[in-house]
Amino acid sequence: MRPTYSLLLALAVATSTTASAADLKFEHVMNIGARGSAPGQFQYIEDFAFSKEGHLLVTDASHAYVQVFAKDTGKLLSRFGGKGDDDTNFDKPEGIAVDSEGNIFVADYTTGFIKKFDPAYQHVLTFSGYGSDPGQTMKSEFMDIRDGKLYVPDIGNNRVNVFALDGKPLFDFGGPGSEPGKLNTPEAAKFSGTGNLYVSDLKNDRIQVFDAAGKFLFGFGKSGSGPGELKAPAGIAFDRDDNVYVAEIGNDRVQVFDKSGKHLTMWGRKGAADGEFGNLHGIIVDRESGFVYVADTANNRVQVFRPVPGETVGKSPNR
């Protein structure tokens, strides 16, 4: 009899304090969702966040909903948004982040609006808008919150925009280019536990790291398909040890690095079977259990993996 997901989650929590990503392979646990527009189904998964209650929030750009799932069972709990022109609606929601009070921020790719909802999914505020002026966004992507500030990667302007949580624009950094600190299609901007901002510089095939003021610190990765190389990196996430998980669109895999950019392990390949991917986007790690949730966008599902202690560093179950 196969162990239940809840039992696996409990086991992972029990062992997560003694294992690091360098010691682990990752095992498929379950899938959430399928293609369609009904509740609990997907048409184009983008990114994730955890609610204050610990539920998994998933943005779907095509049918314009944020869907809410129990992270341990994959059961649909709620959804909000949907296509429309009201403040409660979206056109193409992509980035999502949750503040310390449980408020949910959703970035709309095509309108430039960023919408704030309370923990009960009620609309509170709409700010920003489509454009290149300070405080505007153009094709915003996977964002994060740190110390009362919202950091929004903006691929239309090749920059990261920073807002106060009341919507006031504060500053931006980056700009188009390939030199250190410059960006070409910044897909995700996510904070490590120590407060550094890791940005997936998608068309430069690298990860760049900044401090919270936007100062460039270092980068890692180069174009390729070998261990430590990148091809169109998209989603970024961190485990409890601040290891960096990167979902690669171009290589159809997840890579794990330590916080300085040293390659640790990887898994996945192109396909539709469990553990295979197509057009990966967002990724998130439950820091308590180590469970990894991956946006397998082409296959219209969220794949869930658990860390398993072993001696398979740098290998994948599918390689």
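The values are calculated or read from the model by the stated rules, or taken from the named source; none is laboratory data. Predicted, not measured: the structure shown is a model, and the values here were computed from it. Note that each Cβ is placed from the backbone with ideal geometry, even for glycine, and that neighbours are counted across all protein chains shown. What goes into the accessible areas is simple: the full protein's heavy atoms, side chains included, and nothing from ligands, DNA or RNA. Shrake-Rupley method; radii C 1.70, N 1.55, O 1.52, S 1.80 Å.
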Some residue of the stretch 171-185 being modelled with pLDDT of 95 or more, in a strand (DSSP E or B) and polar (S, T, N, Q): no
Considering residues of the stretch 48-63 that are in contact with a Lys or Arg (Cβ under 9 Å, 6 or more places away or on another chain) and surrounded by fewer than 22 Cβ atoms within 10 Å (Cβ to Cβ) only, the residue nearest to I284 (Cα to Cα): F50
Close pairs (6 angstrom Cβ cut-off, 6 or more residues apart or separate chains): open to solvent by 50 Å² or more (accessible area, probe 1.4 Å) in the stretch 206-223, of a type in the set (G, A, S) anywhere: F216/G181
Qualifying residue in the stretch 272-293 (condition: open to solvent by less than 20 Å² (accessible area, probe 1.4 Å), without any contact (Cβ under 8 Å) to a residue 40 or more places away in the chain, more than 19 Å from V160 (Cβ to Cβ) and touching a helix residue (DSSP H, G or I) at 6+ places or on another chain (Cβ under 6 Å)): yes
Pairs with Cβ under 6 Å, 6+ apart, first in the stretch 225-237 and more than 12 Å from I207 (Cβ to Cβ), second open to solvent by 20 Å² or more (accessible area, probe 1.4 Å) and at pLDDT below 95: P227/G314
Number of the exception - S260 against (1) surrounded by 14 or more Cβ atoms within 10 Å (Cβ to Cβ); (2) free of Cβ contacts under 8 Å to residues at least 60 places away in the same chain: (1)
Enumeration of residues in the stretch 168-205 that are surrounded by fewer than 16 Cβ atoms within 10 Å (Cβ to Cβ) and under 17 Å from D144 (Cβ atoms): L170, F171, G193, T194, G195
Single residue of the stretch 102-148 satisfying the filter (farther than 18 Å from I284 by Cβ and basic (K, R)) that is most open to solvent (accessible area, probe 1.4 Å): K139
Subset tally (residues that are closer than 16 Å to G84 by Cβ and part of a loop (DSSP other than H, G, I, E, B)) for the stretch 106-124: 5
